[in-house]
1. Regarding region 349-362, can at least one residue be identified that is more than 25 Å from Thr271 (Cβ to Cβ) and more than 47 Å from the chain's Cα centre (by Cα)?
2. Run down Gly56, Gly65 and say which single residue is assigned by TED's automatic domain parsing to the domain that holds Gln196, under 30 Å from His193 (Cα atoms) and modelled with pLDDT of 60 or more.
3. If you scan region 334-346, which residues turn out to be at pLDDT 85 or above and either touching a Ser or Thr at 6+ places or on another chain (Cβ under 9 Å) or not in a helix (DSSP H, G or I) (or both)?
4. Can we say Glu4 is modelled with pLDDT of 90 or more and either in contact with a strand residue (DSSP E or B) (Cβ under 7 Å, 6 or more places away or on another chain) or more than 22 Å from Leu156 (Cβ to Cβ) (or both)?
5. Go through region 202-247 and report how many residues are at pLDDT 70 or above, in a loop (DSSP other than H, G, I, E, B) and surrounded by 11 or more Cβ atoms within 10 Å (Cβ to Cβ).
6. Is it the case that some residue within region 158-169 is exposed (fewer than 11 other Cβ atoms within 10 Å of the Cβ) and small (Gly, Ala, Ser)?
7. Kindly establish whether Ser150 is under 28 Å from Met66 (Cα atoms) and of a type in the set (Gly, Ala, Ser).
8. Among the residues in region 128-140, are any surrounded by 13 or more Cβ atoms within 10 Å (Cβ to Cβ), among the aromatic types (Phe, Trp, Tyr) and within 37 Å of the chain's Cα centre (by Cα)?
Amino acid sequence: MNKEPTIKKKNGALSTNVVFEADANVQTGTVTQDDLALPFLKILGQLSPEVNKRDGKYVDGAEPGMIYNSVTGELFSGENGVQVIPCYYKLEYVEWKDRGKDGSGAPVNIYPSSSDIMTKTTRGGDFKDRLPNGNYIEKTAQHFVLVNSSSPSTALIAMKSTQLKISRKWNSMMQSIKMQGKNGLFTPASFSHLYQLKTVQQSNDKGTWFGWDVAKAKPVDKREFFGFTDVWFSGANDSGLKFWIGYDCLDRALLFSQRSSVMLSINYVLTRAGITMVTGRIIQDLEPDASLSAIQDFSQNIETFEKLYSPLNNIYLDSQKPEFWFRRVKVFEPLSNDDFDQLSSSVNRRQFKVGETIIKQGDKGESMFLVTEGVVQVIIKDTKG
């Protein structure tokens, strides 16, 4: 059910969202992709300017091993990491000048994976692949991702040198995922799962640095990304009210066991509320005079349903004769039909709010209570108080 949004005013001011929503995507000039900064998700090292308090690029709170978004300025703990959804991947060969020879810090050229540029390089004494012009080429794996943070954003993760094997592992991880479809097993798109990216300390004979650690987190949650509804009312028949129940199946191979777990959980909750499920029905012993027309006639609109199903107007309870509840209690089993009729004629229905006291210890008892719906707590004071 969609409701009109409620807009509240505070001190006479309009909601900021409402003020700017009408001008969504309107710019004060012509902004193209060339005018936007490409957000990088990168690992901060010991020599990164963001961790140097005397550097103009210093970021407050930044430490080596943290993950940094170059556009939003967000910092993520390397130990806890950040969750991302991989959206696109490509391999490129990037041409660079040595640091200090050109202050731009931008690549000289970018070559596609199909390029033969590497055949024109020779390995230098610094273990870099040099072109005849002195520039060097870095094989770079580009992972375009959606960052699943408090403010979701897009970012690029560039993996090169020692991190190329991490990139290959990540790609293999994505390709190894299989899901059961109507036509058999299939490999889902890379953006079907969330991945947890952390940083770990790595080293070789040349030194120590922080590198990426990638692990599969979970499938993308439909409720979070597609407005998935968990439970909704679908109608009624002679068995009772019908509901659709949606839940996440994290592993299709466990579909049947998860379905069983869900049904057992539902049964546990209903049983604690005094409602029994028999052969899949919430209440199977509806009396012939049960007012099913009242159930079938009311609108499936959720507002109407909530009113009818409130504790003060439970159509199931109202449709049952008191005798139905007495026959469910073992202590009354020896009674005859006449006894049940007599009990039913003298019963009074009472409703209590959450937390309300029904009877206190020591009160004079003149009544017997049967709980037909809900859960009650019994507290008895012992001799020690």
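The values are calculated or read from the model by the stated rules, or taken from the named source; none is laboratory data. Remember, predicted model here, so these are calculated numbers, not experimental data. Every residue, glycine as well, gets a Cβ built from its backbone with ideal geometry; the counts of neighbours run over all protein chains shown.
1. Looking through region 349-362, at least one residue is more than 25 Å from Thr271 (Cβ to Cβ) and more than 47 Å from the chain's Cα centre (by Cα).
2. Values: Gly56 fails: under 30 Å from His193 (Cα atoms).
It is Gly65.
3. Pro334, Leu335, Ser336
4. Working: modelled with pLDDT of 90 or more: no; either in contact with a strand residue (DSSP E or B) (Cβ under 7 Å, 6 or more places away or on another chain) or more than 22 Å from Leu156 (Cβ to Cβ) (or both): yes.
When the stated conditions are applied, Glu4 does not pass them.
5. Residues flagged as at pLDDT 70 or above, in a loop (DSSP other than H, G, I, E, B) and surrounded by 11 or more Cβ atoms within 10 Å (Cβ to Cβ) within region 202-247 amount to 1.
6. no
7. Working: under 28 Å from Met66 (Cα atoms): yes; of a type in the set (Gly, Ala, Ser): yes.
In short, yes.
8. First, the residues of region 128-140 that are surrounded by 13 or more Cβ atoms within 10 Å (Cβ to Cβ): 128-131, 135-140.
Still in the list and also among the aromatic types (Phe, Trp, Tyr): 136.
If we keep only those that are within 37 Å of the chain's Cα centre (by Cα) too, we end up with none.
No.
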